[in-house]
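Novice: Okay, handing you the structure first.
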Amino acid sequence: MDIKLICDSLCDIPDDLYNKEYLEIVPLTLILDGKEYRDNIDLTKEEFYERALKSSQVPKTSQATYMQFKEVFDRAIEEGKKVICITGSSTKSGTYQSALLAKNDTDGPIHVFDTEQLSLGAGQYVVRACDMIDEGLSYDEVLSGLEIVRDTVSILFAPSSFDFLKKSGRVNLTTAILGNMLNIKPIFIMEKGEIALASKVRGVKKLVGKLIDMVLEKNEKYLGEITVIVGYGSNLESFAKLKEEVEKRLEDKVKKIVYAKGGACICSHTGPDIIAISYSK
């Protein structure tokens, strides 16, 4: 195996990929209640969910650094590897720039991908890269395959409530109170580095139905070719409803479905009680 796959912890991926010998994850730093933690190393996702929901403060994240990437790049090149580095969106974090600076200071084959995505959207690149590496594709073939992902990837995500969006200042107090009182569920979409409100529904049942409707509508022409990642956090009841809907309406229609827990980096802003779905060709 001559490929070393590196990603940052902005990329949310299924648990089984963490065991891939060719994959290394560079963690961002979490700041919670005044203390710093390496994402998913010093604090697991489940521990983060529990503590974030109890905290009166909004968790914060700090980008992965130049030195973190430089160390893993140097080690990979010394081992004779060709590096593919996948990072979260350059518009939302300085992590991509850290990786790029480290690449420019390292002699050897290193390609840094700005996914223009976060969470499951960025995770799409990692899932697809692992599939291609496991199939025995070459370094150049994997890079070409990832460019196809770039053209078709999106993520839809829905916080359970407006509480974290309110605390972080992303929605005003009145909107948050009314949204929670009326059980309104916002659905956001991220494409090409930008996040926008895509829809609003009332109640979890309508929410999961709308998420699947949007996946079907946006991929109608090539539905059988897409990989779907379903994400969730601490709200297991909502996730169970989403999983049931996914299995009923997508299981035999798409190429692949996998599941992943939402990481602390995205949940710091939306809250741990989130469900999401991403797709790419």
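Novice: Calculate, in nm to one decimal, what Thr152 and Glu21 gain on full extension: separation in residues at 0.36 nm each, minus their alpha carbon distance. Could the numbers behind the result be given before it?
Specialist: Working: separation 131, 0.36 × 131 = 47.16 nm, distance 2.78 nm.
Extra length available between Thr152 and Glu21 comes to 44.4 nm.
Novice: What percent do you get for the relative contact order of the chain when only Cα pairs under 8 Å and 6+ apart count? Could the numbers behind the result be given before it?
Specialist: Details: 561 pairs, mean separation 63.6, N = 281.
So the answer I get is 23 percent.
Novice: Only four residue types carry charge here, +1 at the Cβ of Lys and Arg and -1 at the Cβ of Asp and Glu. Report the dipole size of the chain about the Cα centre in Debye, rounded to the nearest 20. Intermediate values should be presented prior to the final figure.
Specialist: On the way: 37 positive and 43 negative charges, 295 e Å.
Taking the Cα centre of the chain as origin, the dipole is about 1420 debye.
Novice: Pairs of alpha-carbon atoms within less than 8 angstrom and 6+ residues apart define the contacts here; what relative contact order does the stretch 3-150 have, in percent?
Specialist: Details: 238 pairs, mean separation 39.2, N = 148.
Once normalised by length, the contact order is 26 percent.
Novice: If you take the square roots of the eigenvalues of the alpha-carbon gyration tensor of the chain and sort them as a ≥ b ≥ c, do you get rounded (a/c under 1.5), prolate (a/b over b/c) or oblate?
Specialist: On the way: a/c = 2.07, a/b = 1.31, b/c = 1.58.
Oblate is the answer for the chain, as a/c is 1.5 or above yet b/c matches or exceeds a/b.
Novice: Using just the helices of the chain, give the 222 nm mean residue ellipticity in deg cm²/dmol: DSSP H runs with n ≥ 4 each add -39,500 (n - 2.57), and the total is spread over all residues, rounded to 500. Working shown, then result.
Specialist: Numbers: 10 runs with 113 residues, N = 281.
After summing the helix terms and dividing by the residues of the chain, the value is -12500 deg cm²/dmol.
Novice: Using label points projected 7 Å from each Cα along Cα→Cβ, tell me how many nm separate Glu247 and Glu50, to one decimal.
Specialist: 2.7 nm
Novice: Given Tyr139, Leu211, Gly224, which one lies farthest toward the positive end of the charge dipole of the chain, if we put +1 on the Cβ of every Lys and Arg and -1 on the Cβ of every Asp and Glu?
Specialist: Leu211
Novice: Once you charge only the Cβ atoms, +1 for Lys and Arg and -1 for Asp and Glu, what is the size of the charge dipole of the stretch 3-150 about its Cα centre, to the nearest 20 debye?
Specialist: Values: 16 positive and 27 negative charges, 99 e Å.
So the magnitude is around 480 debye.
Throughout, read-outs are computed from the coordinates displayed, never taken from laboratory work. What you are looking at is a predicted structure, and each value in this text was computed from that prediction instead of being measured. Because the Cβ atoms are built from the backbone with ideal geometry, glycine has one as well, and the counts that use them run over all protein chains shown.
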